[in-house]
Amino acid sequence: MNTDRIAVEELIYQTCTALDQNDYSEFLGLCNEHFEYKVSAFSPEIKKDMTWLDHDRAEIEELFNTLPKHNSDHAPLTRNAVVYKVDFDSGKKQANVVTALQIFKTNLNGGATQVFAVGKYYDTVSLDGEGPTLVKRHVKLDTRDLGWGYHVPF
């Protein structure tokens, strides 16, 4: 395994850790200035992708800043990510990464843990700096029923 792949995998895992800890400034520190974030899920009923969120960096920052004003479920989420594939594009100094994602929710009342969501990250990572940065994250969920109160990125 080469050093670049290890650095890319570490970046993906660091984004999960930052989000697990609700440390949005750390998460944004791992993102490129041109960061884009999208969440979608395929609906077999309408035979189309549903886009649930599509934000640039400024919009994601605004979302983070307004989270305290949202009526949210505060049960902690734990992301379990496994990097499947890293394709390097040396001409663009970037990597395209596919990561399996499982998100677990632990209820505040009683402490029971359950699977909350399953899907994949499709990330574009810049390799054009001191370390890798996240340029684009498309979260494609298999799960389509998330309940209420989840405004935080997956």
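Residue-level check: of (1) over 12 Å from the mean Cα position of the chain (by Cα); (2) in a strand (DSSP E or B); (3) within 14 Å of Tyr121 (Cα to Cα), Trp52 misses just (3). Only one entry of Ala112, Ala58 meets the criterion of being open to solvent by 30 Å² or more (accessible area, probe 1.4 Å) and either closer than 21 Å to Gly29 by Cβ or acidic (Asp, Glu) (or both), and that entry is Ala58.
Could you check Phe35 against (1) within 21 Å of Lys140 (Cα to Cα); (2) open to solvent by 40 Å² or more (accessible area, probe 1.4 Å); (3) assigned to a strand (DSSP E or B) and say which number it fails? Among (1) within 21 Å of Lys140 (Cα to Cα); (2) open to solvent by 40 Å² or more (accessible area, probe 1.4 Å); (3) assigned to a strand (DSSP E or B), the lone unmet condition for Phe35 is (2).
For the range 27-47, the criterion of being among the hydrophobic types (A, V, I, L, M, F, W, C), touching an Asp or Glu at 6+ places or on another chain (Cβ under 6 Å) and under 19 Å from Leu146 (Cβ atoms) is satisfied by at least one residue. Being surrounded by 13 or more Cβ atoms within 10 Å (Cβ to Cβ), modelled with pLDDT of 95 or more and under 24 Å from Thr143 (Cβ atoms) is not true of Tyr84.
Given the structure, is Thr51 closer than 22 Å to Glu10 by Cα, open to solvent by less than 90 Å² (accessible area, probe 1.4 Å) and either in contact with a Lys or Arg (Cβ under 7 Å, 6 or more places away or on another chain) or hydroxyl-bearing (Ser, Thr, Tyr) (or both)? Considered against the rule, which asks whether it is closer than 22 Å to Glu10 by Cα, open to solvent by less than 90 Å² (accessible area, probe 1.4 Å) and either in contact with a Lys or Arg (Cβ under 7 Å, 6 or more places away or on another chain) or hydroxyl-bearing (Ser, Thr, Tyr) (or both), Thr51 comes out as no. Selection of the range 10-32 for residues being open to solvent by 40 Å² or more (accessible area, probe 1.4 Å) and under 11 Å from the mean Cα position of the chain (by Cα) yields Tyr13, Gln14, Thr17, Asp20. Among residues of the range 3-21 that are within 16 Å of Ala100 (Cβ to Cβ) and at pLDDT 95 or above, those with a beta-carbon under 6 Å from a residue that is basic (Lys, Arg) and open to solvent by 10 Å² or more (accessible area, probe 1.4 Å) at least six positions away or on a different chain give the pairs Cys16/Arg79.
Against the definition (within 24 Å of Lys48 (Cα to Cα) and of a type in the set (Ser, Thr, Tyr)), how does Tyr84 come out, yes or no?
Taking the combined requirement at face value, the residue does not satisfy it.
The values are calculated or read from the model by the stated rules, or taken from the named source; none is laboratory data. None of these values were measured; they are calculated from a predicted model. Cβ atoms come from the backbone with ideal geometry, glycine included; neighbour counts cover every protein chain shown. Heads up: the accessible areas ignore ligands, DNA and RNA and are worked out on the full protein's heavy atoms, side chains in. Shrake-Rupley method; radii C 1.70, N 1.55, O 1.52, S 1.80 Å.
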